[in-house]
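The structure under discussion appears below in the form of structure tokens.
The values are calculated or read from the model by the stated rules, or taken from the named source; none is laboratory data. All figures in this text were calculated on a predicted structure; none of them were measured in a lab. Counting neighbours? That spans all protein chains shown, and the Cβs are built from the backbone with ideal geometry, glycine included. These area figures cover heavy atoms from the full protein model, side chains too; ligands, DNA and RNA do not enter into them. Shrake-Rupley method; radii C 1.70, N 1.55, O 1.52, S 1.80 Å.
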Amino acid sequence: MGSLPPSLDLPLPLLKKPNHQHISETSLLNLFKSQQDHLNYFFQNLNLSQTLSFTETLLNSRGTIFFSGVGKSGFVAHKISQTLVSLGIRSSFLSPLDALHGDIGALSSTDVLVLFSKSGSTEELLRLVPCARSKGAYLIAVTSVSNNALANACDMNVHLPLQRELCPFDLAPVTSTAIQMVFGDTVAIALMGAKNLTKEQYAANHPAGRIGKCLIFKVKDVMKKQDELPICKEGDLIMDQLVELTSKGCGCLLVIDEEYHLLGTFTDGDLRRTLKASGEGIFKLTVGEMCNRKPRTIGPDAMAVEAMQRMESPPSPVQFLPVIDHQNILIGIVTLHGLVSAGL
């Protein structure tokens, strides 16, 4: 057998042991308290007059509101831009590097360019300023160091008061980016209120989210229809309709007449109760004899979330609702499973 590699051919006590690091609950709590103090300093010293001028400038912008920044400030600028977009406000992130290589062509004289920088001395942003000014854009610096080069080069400056970074060396941008985010998102909500954005308008910008689905989707958007419907006539024998009852995945039969008027419903629960009460007599019973003649129903233009609420309402919850028009003609069925699958 060959010998062990030199790195492993050592006495066990000489092998390097893993370094088990630890942070105490007290140390962690103190860090959170310190960050809270730094954020309070920001709130207590923010110049509301500057902030109001900034917010009104964005509100009255006739063009696109561009945001830019480098490093962590760049990530914050991008996020704030996306928040505005989600509120239906024209906004975009402009990379300082890409801007100097062609993307500045997106800027026009009706646009606003907001530059985020803690120090206000970021070289990439300072190079961008004269190029953006030549396009006629209105320039706003958002900085935390007083009397900095970027603020002096822009049309407007908003000072974000920074006591210090939470980092023990006062270097890692963790508090400065936190106040940038709080500032930008709070201004975004101020714009949302000034524009009187409704819940429905907000939802229209979030169609894939639950909020959007609740406020956009109607029953007709999520219902089963035509060949998917488990239909039968009231004179049909129960036992002859078992395949229809079980194969459509609705847990019921929809009883109709020749003109497709809804007469009632017969559920798999009704089947079990009928079998228990009638025994072999079930072979002679028709669906019409045992169906519910007064089922809960809903119209196609009702909101899908209303259908879910109606299913869950007293005296007892149900798993489906027949969908009928104003003439009581059956046009579909909406199921609880279908609503949940749709993300409601």
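Out of curiosity, is Gly299 closer than 11 Å to Leu262 by Cα, in the same structural domain as Glu258 (by the TED database) and either touching a helix residue (DSSP H, G or I) at 6+ places or on another chain (Cβ under 8 Å) or at pLDDT below 95 (or both)?
When the stated conditions are applied, Gly299 does not pass them.
Within the stretch 290-306, being open to solvent by less than 70 Å² (accessible area, probe 1.4 Å) and acidic (Asp, Glu) holds for one residue alone: Glu306. Among the conditions (1) touching a residue at least 60 places away in the same chain (Cβ under 8 Å); (2) over 23 Å from Ser53 (Cβ atoms), Asp103 misses just one, which is (1).
Pro130 meets each of the listed conditions (1) open to solvent by less than 50 Å² (accessible area, probe 1.4 Å); (2) in a helix (DSSP H, G or I) apart from (1).
Are any residues in the stretch 80-100 surrounded by fewer than 15 Cβ atoms within 10 Å (Cβ to Cβ) and closer than 15 Å to Val70 by Cβ, and if so, which ones? Leu97, Asp98, Leu100, listed by residue number.
Across the stretch 307-324, the number of residues qualifying as open to solvent by 40 Å² or more (accessible area, probe 1.4 Å), part of a helix (DSSP H, G or I) and touching a residue at least 40 places away in the same chain (Cβ under 8 Å) comes to 0.
I'd like to know if the stretch 109-127 contains one or more residues that are of a type outside the set (A, V, I, L, M), surrounded by fewer than 19 Cβ atoms within 10 Å (Cβ to Cβ), in the same structural domain as Thr177 (by the TED database) and touching a Phe, Trp or Tyr at 6+ places or on another chain (Cβ under 7 Å). Among the residues of the stretch 109-127, not one is of a type outside the set (A, V, I, L, M), surrounded by fewer than 19 Cβ atoms within 10 Å (Cβ to Cβ), in the same structural domain as Thr177 (by the TED database) and touching a Phe, Trp or Tyr at 6+ places or on another chain (Cβ under 7 Å), which makes the answer no.
Does any residue of the stretch 52-66 turn out to be in contact with a Pro (Cβ under 9 Å, 6 or more places away or on another chain) and either touching a residue at least 40 places away in the same chain (Cβ under 8 Å) or under 30 Å from Cys167 (Cα atoms) (or both)?
No, that holds for no residue.
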